Amino acid sequence: MEDTSAALWIAANWLTDPIVIGAKDAYLKTLKAETSLLDKDAFAVMLMEMAEEVHPERRTYLLSGKERIDALKLYAEVRGFLNKNETNINNFTNNEGLKVVFVKSEPAQPKVIEHTASNAKSEILNDGPLPLKIKLVRNG
């Protein structure tokens with residue numbers, strides 16, 4: 001930080017430094033590799049540009065009509081406008097109507113046990129009758 005002459009030399013010569021040149025070349029190679037791989041949208045853009053490319057002097061398309069149609073078909077497939085593998089999952093062969101049947105099982109007869117003061121075995125020391133009747137209902 002205090003050496004001004006070294007800072008001036010670096011400022012003047014850093015573009016020709018072999019380490020800087022090597023780092024720049026490595027970075028450009030990785031950048032080129034990343035940009036050369038096309039995603040779905042970039043590939044579709046490239047196909048559309050190719051199909052619409054016009055000769056600058058004659059103002060006609062560079063591709064013939066058949067080649068343009070093929071490129072546009074491929075564009076439509078890539079973008080998902082055409083589905084070759086479209087499946088129809090309709091398992092109804094007779095679409096006249098839908099019939100719904102509700103089935104109800106027979107209700108089981110509940111067993112009723114009445115609880116009164118005479119048959120209650122309780123540890124409560126009240127000798128008088130209980131103030132309410134309780135019914136225990138069991139199913140099954």
*Hey, which lysines would be in cross-link range of LYS111, C-alpha to C-alpha under 22 Å, not counting anything within fewer than 8 residues on its own chain?*
LYS121, LYS133, LYS135
*Length released on extending from LEU136 to GLU57, taking residue separation times 0.36 nm less the Cα-Cα span*: 18.5 nm
_Cα gyration tensor shape of segment 4-79, rounded if a/c is under 1.5, else prolate or oblate by comparing a/b with b/c_ = prolate
*What lysines could a cross-link reach from LYS24, if we take a straight Cα to Cα line under 17 Å and drop same-chain neighbours fewer than 8 places away?*
LYS32
*With r as the distance between the Cβ atoms of GLU67 and ASP41 and R0 = 22 Å, compute the FRET efficiency 1/(1 + (r/R0)^6) and round to 0.05.*
0.50
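Every number in this text was worked out from the coordinates using simple rules, so none of it is lab data. Quick caveat, the model's predicted, so the values are computed rather than measured. Virtual Cβ from ideal backbone geometry, glycine too; neighbours counted across all protein chains shown.
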